[in-house]
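Right, one structure below, let's go through it.
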Amino acid sequence: MRSAPLTLLLSTLLCAVGCSDSGGEGGGETGGAGATGGSGGGTASSASTSGSGGGAASSASASGSGGGGTASSASSASTGSAGGGGGGTGGGGDSARVPAASASTLREAGEKANPPILIGAAISGGGLNDANYKRVAAAEHNYVTAENEMKWDSLEPNAGQFSWGAADNIVNWARDNNMKVKGHTLVWHNQLPGWANSLSGAAAVEQAIRRHIVEVMKHFKDRIDTWDVVNEAVLTDSDTGVGNPRMRPSVFFNALGERYLDLAFEIAREQDPSAKLYYNDYSIDALNDKADFVYEMVKGMVERGVPIDGVGFQMHIGPPNNKAGGADVAANLKRFSDLGLDVLISEMDINRCGGQISAEEQLTFYHDIVEACFVLPRCVGITFWGINDGRSWLNSWSGALCNGQSSQSLLFNDQYQKKETYNRVMDALLGR
Ligand code: G3I
């Protein structure tokens, strides 16, 4: 019932001609989603915001005429799932995604949708020592992101010396369970080993970036075909994405300027001509200063012919990050996909620590945000940042205000039982 306004809005946006029934018919209630959307105002005003905030219309024409955009989206069209498990962007066009009639797991709902959509989770090496964790993770998901084990400090702790064990463990477990893996993350200012963080000079930094990308992509070549190439390159005055958006100072930016992004994507493309290469960031989920800045940054890359295939919207909702209502998320995903790019929800959780988000609000956010991605065929996946509340990163993250308590942020409780959040996500995946 709550989903009807957003579904109808998106059907209107997406179904220019002859759209098939996307489900989600029903009530005419408009208050719920609009009231909790955090964007002030209902779906209609949010839709017009999308036009003015960077331009669904102008970006559509840019992607139609831009040579770089066409090349990049062509390379991203192949599904190429190393682990099988379905999903990908194969279907497409402008028609809304058609939901499965029924499903008993999130994974099944994703695989039976047309086109399929990947259902992912961040997986930790520690979690894989827990039989319940492994059971739920494999039953409900077909897409894996290593929570920490593929970051630079894990893979290359000493210059030129690589350590693959922890990452291989996760990747091989994923493949054993017919799950696709996204490599996370090749170039990021955080979780860098000390030696990399203290590099200086353009030549040394470029050499380190090149060696890292080449060796990592070579090692996983036959097992991973999708990469977060650059993560979190943009900063604002607060973690909520508001105020003074700018390139983030880092060892990479300080030595090379903004061109380090182009460089990283170009090196990655040389390693794998058909891999999907993504930019990933937090608090760009809705329409705000940071999202606008990243939109312009990515649009510039597409227009320059930089081989970028998609953008990951982390979707960490609640402290320390932003709030993002379904209609704003929908408008934002749409304008990026109109650049000819894949979009995906890459790290979703909704933090209830500190009581800043009520239980009811959390359910609405989960439903409406998942729906916003689901109805958009170019939205290729939804990854949750963890399996169960007890293992969430938020519990121990100082900015998240959890103080060691459960963030109540995910779809399963500490005993791995399904929560109401799970049911609302399933509703959205089934078009309800
Ligand atoms: O492994 C060490 C352990 O040996 C040590 O005893 C312990 C003491 O603090 O720290 C352990 O490392 C921690 C690591 O997680 C593994 O648990 C780090 O301190 C801690 O900072 C690290 O946090 C990770 C965080 O990234 C770091 O930025 C979270 O688990 C991880 O969920 C989080 O993931 C990021 C994404 O990669 C990018 N987007 C944001 C997202 C959430 O912050």
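Check Asn158, Asn129 and return the single one that is more than 23 Å from Ile382 (Cβ to Cβ) and within 16 Å of the ligand (Cβ to nearest atom). Checking each option against the conditions leaves just Asn129. Applying the condition of being away from the ligand (no atom under 16 Å from the Cβ) and of a type in the set (D, E, K, R) to the range 282-296 and asking which residue is farthest from Gly381 (Cα to Cα) yields Asp289. For the range 374-393, the criterion of being farther than 18 Å from Ala121 by Cα, open to solvent by less than 40 Å² (accessible area, probe 1.4 Å) and hydrophobic (A, V, I, L, M, F, W, C) is met by at least one residue. Give me a count of the residues in the range 307-333 that are of a type in the set (A, V, I, L, M), more than 16 Å from the ligand (Cβ to nearest atom) and either part of a loop (DSSP other than H, G, I, E, B) or open to solvent by 20 Å² or more (accessible area, probe 1.4 Å) (or both). Looking only at that region, the number is 1. Please go through the range 180-194 and pick out each residue that is more than 22 Å from Tyr282 (Cβ to Cβ) and either exposed (fewer than 15 other Cβ atoms within 10 Å of the Cβ) or touching a helix residue (DSSP H, G or I) at 6+ places or on another chain (Cβ under 7 Å) (or both). The answer is Pro193, Gly194. Please work out which residue is farthest from the chain's Cα centre (by Cα), limiting yourself to the range 404-415 and to residues that are open to solvent by 10 Å² or more (accessible area, probe 1.4 Å) and modelled with pLDDT of 90 or more. Across the range 404-415, the extreme among qualifying residues is Gln415. Across the range 219-231, not a single residue is classified as open to solvent by 30 Å² or more (accessible area, probe 1.4 Å), closer than 20 Å to Asn332 by Cβ and assigned to a strand (DSSP E or B). Selection of first residues in the range 173-191 that are among the charged types (D, E, K, R) and of second residues that are within 16 Å of the ligand (Cβ to nearest atom) and open to solvent by 10 Å² or more (accessible area, probe 1.4 Å), restricted to Cβ pairs under 8 Å at least 6 apart or on distinct chains, gives an empty result. When the residues of the range 416-432 are filtered to those that are open to solvent by 50 Å² or more (accessible area, probe 1.4 Å) and in contact (Cβ under 8 Å) with a residue 40 or more places away in the chain, the one that is nearest to Ala121 (Cα to Cα) is Glu420.
Residues checked against (1) at pLDDT below 95; (2) away from the ligand (no atom under 16 Å from the Cβ); (3) surrounded by 23 or more Cβ atoms within 10 Å (Cβ to Cβ):
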| site | (1), (2), (3) |
| --- | --- |
| Asn254 | no, yes, no |
| Gln271 | no, yes, no |
| Asn280 | no, no, yes |
| Gly305 | no, yes, no |
| Arg335 | no, yes, yes |
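Scanning the range 116-126 for residues that are open to solvent by 10 Å² or more (accessible area, probe 1.4 Å) and either of a type in the set (D, E, K, R) or more than 16 Å from the ligand (Cβ to nearest atom) (or both) gives a single hit, Pro116.
No other residue among Asn190, Asn169, Asn178 is in a loop (DSSP other than H, G, I, E, B) and within 16 Å of the ligand (Cβ to nearest atom) apart from Asn190.
The values are calculated or read from the model by the stated rules, or taken from the named source; none is laboratory data. Keep in mind it's a predicted model, so treat the numbers as computed, not measured. For neighbour counting, all protein chains shown are included, and Cβ atoms are generated from backbone atoms with ideal geometry for every residue, glycine included. In case anyone asks, the SASA skips ligands and DNA or RNA and just uses the protein heavy atoms, side chains included. Shrake-Rupley method; radii C 1.70, N 1.55, O 1.52, S 1.80 Å.
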